[in-house]
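Here is the structure we will look at.
The values are calculated or read from the model by the stated rules, or taken from the named source; none is laboratory data. Please read all numbers here as calculations on a predicted model, not as lab measurements. Note: ideal-geometry Cβ built from the backbone for every residue, glycine included; neighbour counts use all protein chains shown. All accessible areas refer to the heavy atoms of the entire protein, side chains included, with ligands and DNA or RNA removed. Shrake-Rupley method; radii C 1.70, N 1.55, O 1.52, S 1.80 Å.
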Amino acid sequence: MIEVAERFEVAAPPATVWSLLADPYAVVACVPGAAIVSHAEDGTFEATLTVKFGPLSVAFQARAVLELELATMTGRLSARGKDKQGGARFQASATFSVQPAEAGSVVETRGEVELSGHLASIIESGAGVVTKRMSADFAACLRARCAALAY
């Protein structure tokens, strides 16, 4: 199992940060290799994510559900899918929140991914480095987008 727990500050008011985190297309724009393929009437999304684990590049397909709670600025994302070549299946869940901070806002995320299939051990072995890099890239993108909204 892969576990993720990240916390980072954004120099923008919570409402600004939340407006981006509540928009799945804005979130995906901050995740390199991710795309929303379709959005169904029931609120689910079909999405793709390509991740590089050392020399191995894995392209995942997933169905995702996003639940938002505006009053508390919290959300939950759940997804399940597989890699395009059938070497791994996954089930993932994550929660996120935006809270006021002295210099703007604090974003907290927690999640876990359960993997199965013959690529699972390879993916899990490289996941720590990959998730740290992806989290840092996401935080930088979110900060830049929030700063752009301030003008």
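So the values come out like this:
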{"item": "Count of residues meeting criterion [in a helix (DSSP H, G or I), among the hydroxyl-bearing types (Ser, Thr, Tyr) and surrounded by 18 or more Cβ atoms within 10 Å (Cβ to Cβ)] in region 103-147", "result": "1"}
{"item": "Residues satisfying the stated conditions in region 108-151, i.e. of a type in the set (S, T, N, Q) and over 12 Å from the mean Cα position of the chain (by Cα)", "result": "Ser116, Ser121, Ser125"}
{"item": "Answer from Phe53, Phe96, Phe60, Phe90 - the residue that is among the aromatic types (Phe, Trp, Tyr) and under 16 Å from Ala139 (Cα atoms)", "result": "Phe96"}
{"item": "Residue tally, condition in contact (Cβ under 8 Å) with a residue 12 or more places away in the chain and part of a strand (DSSP E or B), over region 66-98", "result": "22"}
{"item": "Subset of region 16-56 [modelled with pLDDT of 95 or more, more than 16 Å from the chain's Cα centre (by Cα) and surrounded by 13 or more Cβ atoms within 10 Å (Cβ to Cβ)]", "result": "Thr16"}
{"item": "Contacts under 8 angstrom Cβ, first residue in region 129-147 being under 16 Å from Tyr25 (Cα atoms), partner among the acidic types (Asp, Glu), 6 or more apart", "result": "Ala139/Glu6"}
{"item": "Near pairs, Cβ below 6 angstrom, 6+ apart or cross-chain, from region 103-115 (at negative phi) to any residue that is part of a loop (DSSP other than H, G, I, E, B) and open to solvent by 20 Å² or more (accessible area, probe 1.4 Å)", "result": "Ala103/Ala11; Glu112/Met1; Glu114/Met1"}
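For every residue, the table says whether it meets (1) closer than 20 Å to Val10 by Cβ; (2) among the small types (Gly, Ala, Ser); (3) out of contact with any Pro (no Cβ under 9 Å at 6 or more places or on another chain).
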| residue | (1), (2), (3) |
| --- | --- |
| Ala35 | no, yes, yes |
| Ser38 | no, yes, yes |
| Asp42 | no, no, yes |
| Pro55 | no, no, yes |
| Gly75 | yes, yes, yes |
| Gln85 | no, no, yes |
| Ala120 | no, yes, yes |
| Glu124 | no, no, yes |
| Arg143 | yes, no, yes |
